[in-house]
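The values are calculated or read from the model by the stated rules, or taken from the named source; none is laboratory data. What you see is a predicted model; the values in this text were computed from it and never measured. Here the Cβ positions follow ideal geometry from the backbone for every residue, glycine too, while neighbour counts run over all protein chains shown. Accessible surface areas use protein heavy atoms only, side chains included; no ligands, DNA or RNA. Shrake-Rupley method; radii C 1.70, N 1.55, O 1.52, S 1.80 Å.
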Amino acid sequence: MLDQSPARGREVEPDEDLAEPFGGLVRYERHVPIHQVSYYLCGELQAPQYYTELFYTLRSAAETDLIYLHINSPGGDFNTGLQIINNMLASDAHVVTVLEARAYSMAAFIFLSGDELIVHDNCQLMFHTYSSSFAGKGSEQLAEVHALGSWFEKVTTRLCTPFLSATDIAHILQGSDLWMDSDEIRRRLARIKPSRAKAATRRPAARKARASA
């Protein structure tokens, strides 16, 4: 910018020494409390009433909280596992599942539902179809078998894809057991890492949408 001096009728450049010198970037900092909570899912999954503290912790956690679920379980109650998973998916916290020995059946589903998955050496995952018993009239049993089969197929597909392929899921639904060790688990997680990262970025928005609905 040039100044016009009417007295002298010529343009004069401003004194650069009067300009404020650049002092560099300024840091603005905000401290947010971070809570880290750990639960150990060891042994068989029992009835859901034994896990209400875990449910409440997941539901009441803030976005800055870290919740670790350390898993060493042969599986167990399917309804308990589903309630744990649904609370994990609805939680605002960053949920880390840690495979420390084995995660079979429903415990494998819980492991795959974490925002972040950690695998120790010498561990195992195992997937298989559900087990159940039926009572009542024949027509009622047939209806229940059909409903449970359809339900289990949807749950398995939603929770295990893309870690498990469509072929893997088909074999499980047909009655095969699928076993894998730490090396295979890590190989599959590395293969699906980009898709899990995209899902993680969409999850907070989905949680907020569910909360406002």
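Quick notes
- Residue in segment 128-148 that is under 17 Å from Gly81 (Cβ atoms) and surrounded by 19 or more Cβ atoms within 10 Å (Cβ to Cβ) present: no
- Only one of Leu142, Leu164, Leu148 that is modelled with pLDDT under 95 and either touching a Pro at 6+ places or on another chain (Cβ under 9 Å) or over 24 Å from Gln46 (Cα atoms) (or both): Leu142
Here's the yes/no breakdown for (1) under 27 Å from Ile172 (Cβ atoms); (2) crowded, with 21+ Cβ neighbours inside 10 Å:
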site	(1), (2)
Arg59	no, no
Ile67	no, yes
His70	yes, no
Leu82	yes, no
Ala90	yes, no
Glu100	yes, no
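- Within segment 27-53, being among the hydrophobic types (A, V, I, L, M, F, W, C) and either open to solvent by less than 100 Å² (accessible area, probe 1.4 Å) or touching a residue at least 60 places away in the same chain (Cβ under 8 Å) (or both) holds for Val32, Val37, Leu41, Cys42, Leu45, Ala47.
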